[in-house]
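Here the structure is laid out as structure tokens; the discussion comes afterwards.
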Amino acid sequence: MASGSSSIGIGGLFENAEVTTSGRPVLRRNEVECFLLSSVDIDSEDDPPRFTALRSGNLILTTHRLIWIPSQSNGAVPSSVPLAAVTHIYSHKKSIKSMFHSPRIRFQANPGSIVVTIVFRGKGDFDEFLTKLWECWRGRAWEEEEKSESETSRSGSGTVAQGLYGNDGTVRMVGLAGILRKEQEQWESTDKSLQDAFQDLNALMSKAKEMVSLAEKMRQKLLSAPSSQNGSTDDEEMGSKEEMQQWMLSVGIISPVTKESAGALYHQELSRQLADFVRIPLEQAGGMISLTDMYYHFNRARGTELISPDDLWQACTLWEKFDVPVMLRKFDSGVMVIQNKSHSDEEVMSRIRMLVTKTETLKVGVTASDAALTLKIAPAMAKEHLLTAETKGLLCRDMSPDGLRFYFNLFPEIDPTNIHIVNDFGTYGEWIKATCLMSV
């Protein structure tokens, strides 16, 4: 979700900041989140004001930008100030007067030497934020990015071909296949860099950031890629898409939310980041995944910034307060899962009914593993759906030394006043035929 309003500031100081569906900032290449504070206003000290004041939002400091995101839907749009535009940060002087006012930071920025005041009205470590701001501004990470891009352009093969044909005269690939081919070419071009990185640990760590950044870029392309219109390539593209998903899950999150960077907003921001991350695992799991499995996937992606099971649970419970497409669900058995809000139990029940009314399954029933293959979900999740179908009266269970099996519930089709009459129609009739065939 990208903000679509025009720029807020005079002379282009403020830029519209792109955010995810959960309200998290979309970070740029090699950009890392460093600190976050809530209830922040941004004002102009010039008279008359040089820009419209931003009221009551979250301020996120990254290595490249100051990103302001409104905490409520008050008409304001997410905005950012590039640290490259900051020319001077005024020293913060403590005085008796400052003790009775909200903490604030003043800085000067181009164009036009605009003086900006950041007012902190919420809770948070103001001094730590100021220290991080100085570090990021002096670090000038964006200059390293510009230098890297300049070197890449000089070593490249010229301008990028436009249209249907490439520089070598071959037809360019489009859609997901085109993305995969382009990324494959980039991987091949960086093969030598990877070999050099493995020579020592320090070089490897420097290359790791580039690989995670590449994975994040690919993830955004994958989520926004349109579905193929060519039926003959559906299977091929679906296989490539699954390979990409597995690869990206193994690489990780470029800038995981931490208690150090988010402070009092840790669980809130963790909840938003989890809502963005869970989309690919959910798609792989058929629209529903257990909380235990998600704990594994999320911690694996976070690397060394591990979270506790309680942190994950609290993050999931906060989804009720946000407009996100996922939700936490608890089955009657006590099993908790994450599912898409668009997930339909009626559709699942219909597919289970089709499974258990087949001639073969009318005779022998189904297990959780059988249902898992049909629904394309984990056996644990399939078992919960079968138990739900039993609760709704669709199935009956059979406990035996061979395990738990479920059968289609025929009792509603039996006439209690003529219980000994064998019907030759409906599912009951099909069951009679199936059992007769089994006995022959």
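The values are calculated or read from the model by the stated rules, or taken from the named source; none is laboratory data. No experiment lies behind these values; they were computed from the predicted model shown. With ideal geometry, Cβ positions are generated from the backbone for all residues, glycine too; neighbour counts draw on all protein chains shown. Please note that ligands, DNA and RNA were not included when accessible areas were found on the heavy atoms of the full protein model with its side chains. Shrake-Rupley method; radii C 1.70, N 1.55, O 1.52, S 1.80 Å.
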Quick one: is Leu133 in contact with a helix residue (DSSP H, G or I) (Cβ under 9 Å, 6 or more places away or on another chain), assigned to a helix (DSSP H, G or I) and buried (at least 17 other Cβ atoms within 10 Å of the Cβ)?
yes
In the set Pro111, Pro70, Pro49, which member is modelled with pLDDT under 85 and either small (Gly, Ala, Ser) or in contact with a Gly (Cβ under 6 Å, 6 or more places away or on another chain) (or both)?
Pro111
Do we have Ile254 as over 15 Å from the mean Cα position of the chain (by Cα), surrounded by 20 or more Cβ atoms within 10 Å (Cβ to Cβ) and of a type in the set (Val, Ile, Thr) here?
no
Filter result (in a loop (DSSP other than H, G, I, E, B) and in contact (Cβ under 8 Å) with a residue 60 or more places away in the chain) within segment 111-130
Pro111, Gly112, Arg121, Gly122, Lys123, Gly124, Asp125
Output yes when any residue across segment 56-65 is surrounded by fewer than 18 Cβ atoms within 10 Å (Cβ to Cβ) and not acidic (Asp, Glu), and no when none is.
yes
Selection within segment 349-364 - at pLDDT 90 or above and hydrophobic (A, V, I, L, M, F, W, C)
Met349, Ile352, Met354, Leu355
From Phe126, Phe120, Phe100, residue being among the hydrophobic types (A, V, I, L, M, F, W, C), open to solvent by 60 Å² or more (accessible area, probe 1.4 Å) and modelled with pLDDT of 65 or more
Phe100
Could you grab me the full set of residues in segment 274-288 that are in contact with a helix residue (DSSP H, G or I) (Cβ under 8 Å, 6 or more places away or on another chain) and either surrounded by fewer than 23 Cβ atoms within 10 Å (Cβ to Cβ) or more than 20 Å from Asp345 (Cβ to Cβ) (or both)?
Leu274, Ala275, Phe277, Arg279, Ile280, Pro281, Glu283, Gln284, Ala285, Gly286, Met288
Can Pro78 be described as closer than 24 Å to Ser113 by Cα, under 20 Å from the mean Cα position of the chain (by Cα) and at pLDDT 90 or above?
yes
Return yes or no: is Thr435 of a type in the set (Val, Ile, Thr), modelled with pLDDT under 80, loosely packed, with under 13 Cβ neighbours inside 10 Å and not in a loop (DSSP other than H, G, I, E, B)?
yes
Do you know which of the residues in segment 371-382 that are surrounded by fewer than 19 Cβ atoms within 10 Å (Cβ to Cβ), among the hydrophobic types (A, V, I, L, M, F, W, C) and under 25 Å from the mean Cα position of the chain (by Cα) is nearest to Arg329 (Cα to Cα)?
Ala380
Taking Cys396 as meeting all but one of (1) assigned to a helix (DSSP H, G or I); (2) over 26 Å from the mean Cα position of the chain (by Cα); (3) surrounded by 13 or more Cβ atoms within 10 Å (Cβ to Cβ), write down the number of the exception.
(1)
Looking only at helices (runs of 4 or more DSSP H) that lie completely in segment 290-370, which have at least 2 residues being open to solvent by less than 20 Å² (accessible area, probe 1.4 Å) and hydrophobic (A, V, I, L, M, F, W, C)?
291-302, 309-317, 345-356
How do the pairs read when you match residues in segment 66-86 that are within 10 Å of Leu54 (Cα to Cα) and open to solvent by less than 20 Å² (accessible area, probe 1.4 Å) with residues anywhere that are among the acidic types (Asp, Glu) and part of a strand (DSSP E or B), using Cβ under 7 Å and keeping only pairs 6 or more apart or on different chains?
Ser79/Glu15
